[in-house]
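One structure is given below, encoded as structure tokens.
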Amino acid sequence: MTVAYTESAYPVPLKENGLIVEYKSGAHSHDIPQKTRDLEIAHMLELLKAKPTFNPNLKFDPKKHLVFKEEYYKTTTTATLEDLGITKTRTAPISGFAAAHPFPLISQEAVDMMLWEAFQPNVIENYARLPNSGLSKGTTRLDFHLGGHCRYIAPFTWDLYNSPEVSEIISNFVGVKLGPMFNSELGHMNVSLASLDPEEVKEIPQTKEDLLAKMEHLDKNKDDVPSSLGLHYDSGTIALVIMLDLGEGAVGGETGIVTGDDKMFRVPDPKIGYATLIQGIVLKHVATKPVSNSNRITGVTGYAAAPGSGKLDNCRNTSNKPSVLPRAIHTPYWSEWIEYRFKNLEAHLKQEREKVMERFAKGAEFDQLAMIDTIKEMEKYLHDSWKEMEAVHNPPYPPAEFNTPYQDLPDYE
Ligand SMILES: [Fe+2]
């Protein structure tokens, strides 16, 4: 019987609720305009191809492409949730870690290869879409999202984000054993490109003075800040954000984090190849776009509790499911999600099964109450694996939670 699941206040995604109605057929109303493909995207591929050592068949090599050094654990500025004054969160945090300021992570050659793989015409066609206007502001034909391509047609990027070395770096910062989420959450890009159309360029502030005046205005009028992703929580536990392109003299475009006193804290912008980390599932944040005519491209990958870490992941679908994020594709998205969740649960079940029999072998008494808690947690995990599917759950987006001050959040337990 499926009747119980269809009795929802929001049975289908509606445009007036900020949702993508054609989420099953590719969200083509959000396709990247031909002009952007012909001008700016073609230009970017030309520039990459023209680099003297460029090799389109480059293989990922952690020794060569990861530039992280042990000492960066000490030299990188980090903040805890407590440092940011955040005492109440929407779900249990994975650890006290909140954010890490930019640290060097990958080489320029790796950056170029990730851009090369992402800006191929078939990737733009199939895996890139303009943002959902429900959560973006002041975007143009030059601002878009891209992702979900890595597992299928971007082997370099796939290998990089899946490398044990990268997981280890993130785990060490966060203090919990983490691994990458599923493909659709891997190698996501927030893209803003500089216009090459002289008529459009005339409309954008040019001089440093004009740009700074605009920034000053925006600092005072938080609601006017142009963004490709307005105030939100991530659906993944930890976001690794790598700067892949940042035009010289770019003004604006930083990630802003809302602190416990409801103020905005701008994370200093990374240099190209540098990365930042945030516990995005409990930190409210905004991805702004530059006010200058500049490229700004970030690569974002979700990491969560790894199988065998003793914890189940706490990921959600709120902000990345196909009816909300136009670039997410229905069948791969949900298939990969279920594969991810079942794999994690399988590993967790195995671990719990072995623990029970180890205790038994040692002659310890069976702990009924502890086992009930363990099983209840897995029941909830299974329930959470389907509860946001579009077949049953299409509430208005963005949810009220995204604008609720931390201290007014309901208790999650
Ligand atoms: Fe985010």
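Bear in mind that the values in this text are calculations on the coordinates, not laboratory data. The shown structure was predicted, so the numbers you read here are calculated from the model rather than taken from an experiment. Note that we place each Cβ from the backbone using ideal geometry, even for glycine, and neighbour counts take in every protein chain shown.
Kindly identify region 29-119 as rounded, prolate or oblate by the Cα gyration tensor criterion: order the square roots of the eigenvalues as a ≥ b ≥ c, call it rounded if a/c is under 1.5, otherwise compare a/b with b/c, prolate if a/b is larger, else oblate. Walk me through the numbers on the way to the answer.
Working: a/c = 3.37, a/b = 1.58, b/c = 2.13.
Here region 29-119 falls in the oblate category.
Of the GluC sites (Glu not before Pro) found in region 18-93, those in coil by DSSP whose Cβ has at most 13 other Cβ atoms within 10 Å are Glu70, Glu71, Glu82.
Just the number: Rg to Rh for the chain, Cα atoms, Kirkwood Rh, two decimals. Don't jump to the answer; show the numbers that get you there.
On the way: Rg = 21.7 Å, Rh = 22.4 Å.
Radius of gyration over Kirkwood radius for the chain works out to 0.97.
Which GluC sites (Glu not before Pro) does region 199-303 hold that lie in a coil by DSSP with at most 14 other beta carbons within 10 Å? Numbers along the way, then the final one.
On the way: sites: Glu199, Glu200, Glu203, Glu209, Glu216, Glu248, Glu254; in loops: Glu203, Glu248, Glu254.
When the GluC sites (Glu not before Pro) of region 199-303 are filtered for loop state and at most 14 Cβ neighbours within 10 Å, Glu203, Glu248 remain.
Judged by the gyration tensor of its Cα atoms, with axes a ≥ b ≥ c, region 235-364 is prolate; a/c meets the 1.5 cut and a/b is the larger of a/b and b/c.
What chymotrypsin sites (Phe, Trp or Tyr not before Pro) does region 341-401 have in DSSP loop regions with at most 16 other beta carbons within 10 Å?
Phe366
Using only the Cα atoms of region 146-266, build the gyration tensor, take square roots of its eigenvalues as a ≥ b ≥ c, and label the shape rounded, prolate or oblate: rounded if a/c is under 1.5, else prolate if a/b is larger than b/c, else oblate. Oblate, because a/c is 1.5 or more while a/b does not exceed b/c. Semi-axes of the equivalent ellipsoid of region 57-97 are 33, 15, 7 Å, computed as sqrt(5λ) over the eigenvalues of the C-alpha gyration tensor in descending order. Pair-distance distribution of region 298-397: all C-alpha pairs, bin width 5 Å, starting at 0; shares per bin in whole percent are 2, 11, 18, 20, 16, 12, 8, 6, 4, 3, 1.
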